[in-house]
Amino acid sequence: MKSKLALILALLQLAVVFFSWLVTVVSPQLGTRPLLSGEGIRWFMGCFADNLAHPLLVWLVLIAIACGALFYSTLLETIMKFVFRQPLMFRQRFGLRVVAIELVIFVIVILLLTAVPQAILLSASGSLFPSSFSSSCIPILAFIIVFLSVSYGLASGTLHSVSDVYYSLTTGLKAHADMLLIYILAMQLVFSIAFTIRITL
């Protein structure tokens, strides 16, 4: 499925390159910019890295790390067992208690940083959206998931060493590496269309 999506995005990119040239030749009065012109090639080569340097890329990486830690530590599996009232071993119950205490602490800290008057993460006007908090929601959530997952893994015994913790933080990147290719193709396609029709993103 993901390979087909990547192929579709690549074909769409080629279509944009061709049709941007064709429209410019047939209807120059429309004012579109062809990607096959000198200006288009310079833009494509010179702005490629800038087009990819978007917070969404960082979010994808952080989400992949968090998902890897969540699954590898078996925290999600244990939560599902708890929700469906399946029997848990002593260390699993202990790990869940540790996670619950840490989660309460995180919630209290976030409330202190956002809910009280003149909170640090509020904007200058005192609003929550947009603010420093709204800009950092994904990184904060990813950090909390990683911290809770590692804590659970160490408390329950699913993570035994530093190498286990390291592997739990990198396994998600390996499992979701194909999403980075899709991100690159999708972002370049969007910016190519915007360049062609003269829209600033």
Rolling a 1.4 Å sphere over the protein heavy atoms, what is the accessible area per residue of the chain, to the nearest Å²? 63 Å²
Within-13-Å neighbourhood charge of Arg33 [Cβ basis; K, R +1; D, E -1]: +1
Explain nothing, just the number: dipole magnitude of the chain about its Cα centre with +1 on each Lys and Arg Cβ and -1 on each Asp and Glu Cβ, in debye rounded to the nearest 20. 360 debye
Need the list of lysines near Lys81 for cross-linking: C-alpha distance under 27 angstrom, and skip anything on the same chain fewer than eight residues off. Lys174
Round to the nearest 10 and give me the degree value, 0 to 90, for the angle of helix 162-175's Cα axis relative to the longest principal axis of the chain. 40 degrees
If you count, for each residue, the other Cβ atoms within 10 Å and average over each peptide, how do 89-98, 149-158, 73-82 line up from highest to lowest? 149-158, 73-82, 89-98
Cα atoms only: what Rg and Dmax, in Å, come out for segment 93-194? 18.4, 53
Accessible surface, 1.4 Å probe, highest first, among residues Tyr183, Tyr166: Tyr166, Tyr183
Give me the orientation-averaged projected area of the Cα convex hull of the chain, in nm², one decimal. 16.1 nm²
Given the -39500 (n - 2.57) contribution per DSSP H run of 4+ residues, what per-residue ellipticity at 222 nm results for the chain, rounded to the nearest 500 deg cm²/dmol? -24000 deg cm²/dmol
Note, segment 8-15: 3J(HN,Hα) by Karplus (6.51, -1.76, 1.60, θ = phi - 60°), whole Hz, Gly/Pro = x, goes 4, 5, 5, 5, 5, 4, 5, 5
Honestly segment 68-115 on the Cα gyration tensor test (a ≥ b ≥ c root eigenvalues; a/c under 1.5 rounded, otherwise a/b vs b/c for prolate or oblate) is just prolate
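The values are calculated or read from the model by the stated rules, or taken from the named source; none is laboratory data. For clarity, every value in this text was computed on a predicted model and none was experimentally measured. Quick reminder, even Gly has a Cβ in these numbers, built from the backbone with ideal geometry, and neighbours come from all protein chains shown. The area values use the complete protein model at the heavy-atom level, side chains included, leaving out ligands, DNA and RNA. Shrake-Rupley method; radii C 1.70, N 1.55, O 1.52, S 1.80 Å.
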